Amino acid sequence: MSTTTFADLVADRIAVHVDGFRDSDADAVVDGFFSPDALWECQGTPRAVGSEQLRPMFGAIMQESRIVFDVIASDGDEHVGWTFVDYHVYIGEKPTPAFTFRCQFTWRKLPQGWRATSCVGFPLDAEA
């Protein structure tokens, strides 16, 4: 009986995402985490579809801020799944996040492995 969870199946992709943000490497995030046709739809940011729109968007975000990424929950099967995360966004050298986004990634297993096919999110209330 296998004890592998869906979170285990996508853990290496989550690591690519976290490391890409830590290293300000938009190419690693776009090419190693997202599918080529992925959708980004987060309140307060422009919609982006596909690698060609995601790459400059993430490049700009990485130049302007530092992101800390927390996984909240994840579930799925051997073909598709989802993960909820919080993006804590730090601006400049401030020790506390300027704001936090809650996002849901949807996942699909592609020939190159697991990739996030969409991200839909919203900012959390600073008072929450």
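The values are calculated or read from the model by the stated rules, or taken from the named source; none is laboratory data. Model, not experiment: these values are computed from the prediction. Neighbour counts are summed over all protein chains in view; Cβ atoms, including those assigned to glycine, are modelled from backbone coordinates with ideal geometry. Ligands, DNA and RNA are stripped out before the accessible areas are found, and what is left, the full protein with its side chains, is counted by its heavy atoms. Shrake-Rupley method; radii C 1.70, N 1.55, O 1.52, S 1.80 Å.
The residues in the range 33-70 that are modelled with pLDDT of 95 or more and assigned to a strand (DSSP E or B) can be counted, and the count is 10.
All conditions in (1) open to solvent by 80 Å² or more (accessible area, probe 1.4 Å); (2) part of a strand (DSSP E or B) hold for F101, with the sole exception of (1).
Taking the residues in the range 38-56 that are over 17 Å from R115 (Cβ atoms) and without any contact (Cβ under 8 Å) to a residue 60 or more places away in the chain as candidates, determine which candidate is most open to solvent (accessible area, probe 1.4 Å). That would be R47.
How about the range 57-79: which of its residues are open to solvent by less than 80 Å² (accessible area, probe 1.4 Å) and β-branched (V, I, T)? Result: I61, I67, V68, V71. If you go through the range 80-91 one residue at a time, do you hit one that is surrounded by fewer than 17 Cβ atoms within 10 Å (Cβ to Cβ), not polar (S, T, N, Q) and not in a strand (DSSP E or B)? Checked against the condition, which is being surrounded by fewer than 17 Cβ atoms within 10 Å (Cβ to Cβ), not polar (S, T, N, Q) and not in a strand (DSSP E or B), the range 80-91 yields no hits at all.
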